[in-house]
Amino acid sequence: EAIDDVTPPVRAADEAVGGAGRFTGDVETRINQLPPPRTRLMKLLSREDRQSPISEIVSDAFGSDPEFSFAEVFDLNSVRTAEVTDFLDELAEVTPQMLDARGLPNEFVVFRGGGLFEGNNAVPVSLDPGVARKFSEGFSSLQVGARPLDEFIVRRDDVLADITGLRSKHTLTSGGEEELLIRRSALLPEEQARRTAARGVPAPATPDVTG
């Protein structure tokens, strides 16, 4: 249900423990009770011998060569385009269910440390500013122009995946990072300016996009 135009977007991490969006024990239970995965690639996320973390695997599914990425990370001879399509279709079905389990509203604030650089269409962010800030501390020594912390107004339909939810579902541990993958176009400065102007609230700090 959409929220009122004059209501500030929810900062999930500002809520008390157990507030909107936090990955509490009850949320974990609801997510782990969702139906089991049905497509081949979604089932493979549970493999302990995968070569990359779930966040990278899912992010690469939105990249330029997802077939190669899936084949490499799971040591497969080949992955068909139709399999990737099936994976993305299932992800699009399960993500709103996970957001429902979290109780997230239509519009809320997420955080990212390190800046918004060119890359895949799927950008990892966190509901917890502390997690994003920690990431930026490690990232800043590796990337010129890295920023300590940015915040963004996002909507539920911007969310491509609930990475923490997927970790819990497939590995039985959430990782504690409150991580979501967001459509990159929703985070660009011009789009963020439109969203803040429409709400009549002070704009969050949004990054310059650098290569």
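The values are calculated or read from the model by the stated rules, or taken from the named source; none is laboratory data. A quick note: this is a predicted structure, and the numbers were derived from the prediction, not measured. Note: ideal-geometry Cβ built from the backbone for every residue, glycine included; neighbour counts use all protein chains shown. The area values use the complete protein model at the heavy-atom level, side chains included, leaving out ligands, DNA and RNA. Shrake-Rupley method; radii C 1.70, N 1.55, O 1.52, S 1.80 Å.
Restricting attention to the stretch 56-84, which residues are in a loop (DSSP other than H, G, I, E, B) and either free of Cβ contacts under 8 Å to residues at least 24 places away in the same chain or hydroxyl-bearing (Ser, Thr, Tyr) (or both)?
Across the stretch 56-84, the qualifying residues are Ser64, Asp65, Leu76, Asn77, Ser78, Arg80.
How many of the residues in the stretch 83-102 are small (Gly, Ala, Ser) and either open to solvent by 50 Å² or more (accessible area, probe 1.4 Å) or touching a Gly at 6+ places or on another chain (Cβ under 6 Å) (or both)? Spell out the reasoning first.
As a first pass, look at the stretch 83-102 and keep what is small (Gly, Ala, Ser): 92, 101.
If we keep only those that are either open to solvent by 50 Å² or more (accessible area, probe 1.4 Å) or touching a Gly at 6+ places or on another chain (Cβ under 6 Å) (or both) as well, we get 92.
Qualifying residue count for the region: 1.
Is it true that Leu127 is open to solvent by less than 20 Å² (accessible area, probe 1.4 Å) and either of a type in the set (D, E, K, R) or modelled with pLDDT under 95 (or both)?
Judged against the criteria, Leu127 is a match.
Given (1) open to solvent by 30 Å² or more (accessible area, probe 1.4 Å); (2) out of contact with any strand residue (DSSP E or B) (no Cβ under 9 Å at 6 or more places or on another chain), where does Ala71 come up short, assuming only one miss?
Checking Ala71 against (1) open to solvent by 30 Å² or more (accessible area, probe 1.4 Å); (2) out of contact with any strand residue (DSSP E or B) (no Cβ under 9 Å at 6 or more places or on another chain), the one that fails is (1).
Which of the residues spanning the stretch 156-169 are in contact (Cβ under 8 Å) with a residue 24 or more places away in the chain and either within 16 Å of Glu93 (Cα to Cα) or of a type in the set (Ser, Thr, Tyr) (or both)? Please lay out each step first, then the result.
So the first thing to find is which residues in the stretch 156-169 are in contact (Cβ under 8 Å) with a residue 24 or more places away in the chain, and the list is 156, 158-169.
Hits for the stretch 156-169 are Arg156, Asp158, Val159, Leu160, Ala161, Asp162, Ile163, Thr164, Gly165, Leu166, Ser168, Lys169.
Working only within the stretch 166-183, note down all residues that are under 12 Å from the mean Cα position of the chain (by Cα) and over 17 Å from Ala61 (Cα atoms).
Matches in the stretch 166-183: Glu177, Glu178.
For the stretch 147-167, enumerate the residues that are outside any helix (DSSP H, G or I), closer than 23 Å to Arg194 by Cα and of a type outside the set (Asp, Glu).
Hits for the stretch 147-167 are Arg147, Leu149, Phe152, Ile153, Val154, Arg155, Val159, Leu160.
Just to be sure before I move on: is Glu107 surrounded by 18 or more Cβ atoms within 10 Å (Cβ to Cβ), at positive phi and at pLDDT below 95 in the structure I sent?
On the way: surrounded by 18 or more Cβ atoms within 10 Å (Cβ to Cβ): yes; at positive phi: no; at pLDDT below 95: yes.
So Glu107 does not fit the description; no.
Of everything in the stretch 30-55, what is in contact with a Pro (Cβ under 8 Å, 6 or more places away or on another chain) and either part of a loop (DSSP other than H, G, I, E, B) or surrounded by 15 or more Cβ atoms within 10 Å (Cβ to Cβ) (or both)? Give them in sequence order.
Leu45, Ser46, Ser55
Of everything in the stretch 168-198, what is β-branched (Val, Ile, Thr) and part of a strand (DSSP E or B)? Give them in sequence order.
Ile182
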